[in-house]
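Shown next, in structure tokens, is the structure this report addresses.
The values are calculated or read from the model by the stated rules, or taken from the named source; none is laboratory data. Predicted model, so just to flag it, every value in this text is computed and none were measured. Positions of Cβ are backbone-derived with ideal geometry, glycine not excepted, and every protein chain shown enters the neighbour counts.
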Amino acid sequence: MRLVTLITFLIFNFSFVSAQSDSIIFKKINWTKRRLAPGVVLKQAWFKEKNLFGSSQFISIIEVKQRKRNRFSLAYELQQKKTTSEFATEKHAVAAINGTFFDVKNGGSVDFIKSEGKIINENRLLAGASRARHQQAALVIKNGRMRIEKWDGSADWEKQLDGEEVMLTGPLLVQQSREVSLDTAGFNVLRHPRSAIGLKKDNRILLITIDGRNQNSAGMSLFELRKILPWLECKDGINLDGGGSTTLWEHRDGVVNHPSDGGKWSNENQRKVANVILLNR
């Protein structure tokens with residue numbers, strides 16, 4: 001019994017010290033920064049030495065001051081798929097990130113989307129199943145400003161949300177500066193490229209990508225992604241579709257992360273997706 005207690009104590013303390021070390025490394029990294037437009041900044045950091053969560057990580061963030069001229073919106077296709085850059089250039093966007101989960105074979109979102117007040121997609125549920133975890137939280141856009149909401153348990157919750165644009169996605173990772181619980185399904189535990197939205201305490205929005213499936217960047221588990229959101233001063237944070245879909249685009253240089261499709265460390269391997277989140281001016 002004493003041995004078990006000692007082992008548990010050592011594991012807890014090792015995890016605590018490791019988390020502290022990761023936090024210090026994260027906060028001390030030298031982020032490259034570039035202004036894309038008034039109130040819009042691209043930040044990137046490369047943890048090359050396998051020193052964040054014991055791995056190499058390449059993180060790209062577009063930080064947006066929410067004000068009158070910086071306006072978020074959604075773009076989508078019902079069947080046809082397009083790259084994030086195609087969606088963005090067609091809408092003359094300043095920046096864009098891939099959106100929520102979609103039907104890879106037939107196109108269209110598998111999660112509820114409302115755009116300009118019109119319902120575009122309903123949630124697709126498996127027979128006899130309740131909502132998926134990525135149908136239990138939402139990005140809501142009202143008058144161009146974005147917020148994050150959590151499912152209240154009601155059947156028509158998403159239809160009552162106050163906003164012209166609504167996209168269900170998830171899982172929710174951080175709410176009101178507190179970590180949201182995650183289960184131990186493989187999707188959460190394994191490292192993949194990730195896309196996410198963070199809302200800072202000053203209401204700035206972060207469009208976040210973490211590259212993965214490459215020796216230059218391992219990708220993160222959702223537990224690791226959940227951990228870095230408070231380090232980025234986010235009070236709320238939500239996961240988007242990731243994997244090969246993970247793409248961050250800006251209007252000057254195009255794709256700024258390294259999408260994983262194709263297996264090469266390149267900005268050119270975009271996957272076609274069914275929906276994106278846009279920033280316009």
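A few notes on this one:
- Criterion: in a strand (DSSP E or B) and among the acidic types (Asp, Glu) - qualifying residue of GLU86, GLU149: GLU149
- Any pair with Cβ under 6 angstrom, 6 or more apart, that starts in the range 179-199 at a residue that is closer than 20 Å to ILE97 by Cα and ends at one that is of a type in the set (Ser, Thr, Tyr) and crowded, with 21+ Cβ neighbours inside 10 Å: PRO193/THR246; PRO193/SER260; SER195/THR209; SER195/THR246
- Residues in the range 68-93 that are hydroxyl-bearing (Ser, Thr, Tyr) and buried (at least 18 other Cβ atoms within 10 Å of the Cβ): SER73, TYR76, THR83, THR84, SER85.
- Here is the figure for the range 174-187: residues that are out of contact with any strand residue (DSSP E or B) (no Cβ under 8 Å at 6 or more places or on another chain) and either closer than 14 Å to ILE238 by Cβ or part of a strand (DSSP E or B) (or both) total 1.
- Of all residues in the range 117-135 being touching a helix residue (DSSP H, G or I) at 6+ places or on another chain (Cβ under 9 Å) and in contact (Cβ under 8 Å) with a residue 24 or more places away in the chain, the one that is surrounded by the fewest Cβ atoms within 10 Å (Cβ to Cβ): ILE119
- Strands (runs of 3 or more DSSP E) (entirely within the range 232-281) containing at least 3 residues that are of a type in the set (A, V, I, L, M), in contact (Cβ under 8 Å) with a residue 40 or more places away in the chain and touching a strand residue (DSSP E or B) at 6+ places or on another chain (Cβ under 8 Å): 275-280
- Residues that are among the hydroxyl-bearing types (Ser, Thr, Tyr), assigned to a strand (DSSP E or B) and farther than 21 Å from CYS234 by Cβ, drawn from the range 56-83: SER56, SER73, TYR76
- Scanning the range 152-174 for residues that are buried (at least 16 other Cβ atoms within 10 Å of the Cβ) and over 14 Å from the mean Cα position of the chain (by Cα) turns up TRP157, GLU158, LEU161, GLY163, GLU164, GLU165, VAL166.
- Cross-chain or 6+ apart pairs with Cβ under 7 Å, the range 157-173 first and assigned to a helix (DSSP H, G or I), then of a type in the set (A, V, I, L, M, F, W, C): TRP157/TRP151; GLU158/PHE112; GLU158/ALA138; GLU158/VAL166; GLU158/LEU168
- Flag if LYS27 is farther than 23 Å from LEU279 by Cα and part of a strand (DSSP E or B): no
- VAL273 vs. criteria at pLDDT 95 or above and surrounded by fewer than 24 Cβ atoms within 10 Å (Cβ to Cβ): no
- Residue within the range 215-228 that is in contact with a Ser or Thr (Cβ under 7 Å, 6 or more places away or on another chain), outside any loop (DSSP other than H, G, I, E, B) and either buried (at least 24 other Cβ atoms within 10 Å of the Cβ) or β-branched (Val, Ile, Thr) (or both) present: yes
- Test: residue in the range 94-116 that is in a strand (DSSP E or B), loosely packed, with under 12 Cβ neighbours inside 10 Å and more than 20 Å from the chain's Cα centre (by Cα): no
- ILE208 in contact (Cβ under 8 Å) with a residue 60 or more places away in the chain, more than 15 Å from the chain's Cα centre (by Cα) and part of a strand (DSSP E or B): no
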